[in-house]
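*Asks:* First, the structure itself, so that you have it in front of you.
The values are calculated or read from the model by the stated rules, or taken from the named source; none is laboratory data. These figures come from a predicted structure and were not determined experimentally. Cβ atoms come from the backbone with ideal geometry, glycine included; neighbour counts cover every protein chain shown.
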2 protein chains.
Amino acid sequence: MYIVNYKERDEAPVELNGSKNVMMRWLIGKRTGAKRYAMRHFEIKPGGIIPIHSHPEEHEIFVLEGEAKVLGDVAGLVAKKDDVVFVPSDLPHGYDNTKGSKSFRFICVIPLLENE
Amino acid sequence: MYIVNYKERDEAPVELNGSKNVMMRWLIGKRTGAKRYAMRHFEIKPGGIIPIHSHPEEHEIFVLEGEAKVLGDVAGLVAKKDDVVFVPSDLPHGYDNTKGSKSFRFICVIPLLENE
């Protein structure tokens, strides 16, 4: 068992093509005990975006701070602090904070599919 | 895809023997899209406790509010807002807010083992 503040985890820019002003931390990953799924922390800074993309991994998301437009089949909707977002496998999705004045921060849990 | 405030999910008391003043919500469960793992929200109110227990499901936890003593092999340590907690399979663990003056709230992700 361990307890660690999320800020103690290394932060790196998200490399997805078209992403802007997005930082990611692996909170619980394969090297830190995750067996079936991993917990990551994302921060999309004001002016930032994760553009529409898709992949087989579903997302289980909890929003910690701020708000952003969600891109995809719920286009026009906004996710904000205390919201839960579920993104099924292979569904196009993205998060737009380009008009925002504060960071949009969220927890995103993904399966470690290569283990299956 | 869906977006829902966590408070829109039903809340029920935790029935674990010895638990006191603990409420739980299934944020993303089998009935709401979860395939491999589920996201739950726990609130241990001031004076509340989840006593030491264990089970095969590992926990990936993110603390949203408050603080509590963590019971088990990190006895004496405190988990607080913005902390990440990992509890491996079958490791005894619990959370003690009996001396607390505010709620201890956290996200806890568990595998849906019966699907494996």
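*Asks:* Whether any residue in segment A:56-64 is in a strand (DSSP E or B) and modelled with pLDDT under 95 is what I want to check. Before the answer, list the steps.
*Replies:* Applying the first criterion (in a strand (DSSP E or B)) to segment A:56-64 yields A:59-64.
When the remaining residues are screened for being modelled with pLDDT under 95, the result is none.
No: zero hits.
*Asks:* Sort through A:GLU60, A:GLU67 and tell me the only one that's surrounded by 22 or more Cβ atoms within 10 Å (Cβ to Cβ), within 11 Å of chain B (Cβ to nearest Cβ) and either touching a residue at least 12 places away in the same chain (Cβ under 8 Å) or touching a helix residue (DSSP H, G or I) at 6+ places or on another chain (Cβ under 6 Å) (or both).
*Replies:* A:GLU60
*Asks:* Considering every residue within segment B:70-78, establish whether at least one is closer than 18 Å to B:ARG25 by Cα, surrounded by 14 or more Cβ atoms within 10 Å (Cβ to Cβ) and either of a type in the set (A, V, I, L, M, F, W, C) or in contact with a strand residue (DSSP E or B) (Cβ under 9 Å, 6 or more places away or on another chain) (or both).
*Replies:* no
*Asks:* Step by step: first the residues of segment A:2-17, then only those that are in a loop (DSSP other than H, G, I, E, B) and modelled with pLDDT of 95 or more, then the one that is surrounded by the fewest Cβ atoms within 10 Å (Cβ to Cβ). Which residue is that?
*Replies:* Residues of segment A:2-17 that are in a loop (DSSP other than H, G, I, E, B), as a first pass: A:9-11, A:14-17.
Still in the list and also modelled with pLDDT of 95 or more: A:9-11, A:14.
Numbers: A:ARG9: 19, A:ASP10: 7, A:GLU11: 12, A:VAL14: 16.
So the residue we want is A:ASP10.
*Asks:* Can you tell me which residue is nearest to the chain's Cα centre (by Cα) among those in segment A:21-57 that are charged (D, E, K, R) and surrounded by fewer than 16 Cβ atoms within 10 Å (Cβ to Cβ)?
*Replies:* A:LYS30
*Asks:* Is segment A:76-88 home to any residue that is at the interface with another protein chain (Cβ under 7 Å from one of its Cβ atoms) and more than 27 Å from B:ILE110 (Cβ to Cβ)?
*Replies:* Scanning segment A:76-88 turns up at least one residue that is at the interface with another protein chain (Cβ under 7 Å from one of its Cβ atoms) and more than 27 Å from B:ILE110 (Cβ to Cβ).
*Asks:* Yes or no: segment B:85-103 includes at least one residue that is closer than 23 Å to B:VAL4 by Cα and either assigned to a strand (DSSP E or B) or of a type in the set (D, E, K, R) (or both).
*Replies:* no
*Asks:* Within segment B:29-51, which residues are within 12 Å of another protein chain (Cβ to nearest Cβ) and either closer than 20 Å to B:SER19 by Cβ or without any contact (Cβ under 8 Å) to a residue 24 or more places away in the chain (or both)?
*Replies:* B:GLY29, B:ARG31, B:ALA38, B:MET39, B:ARG40, B:HIS41
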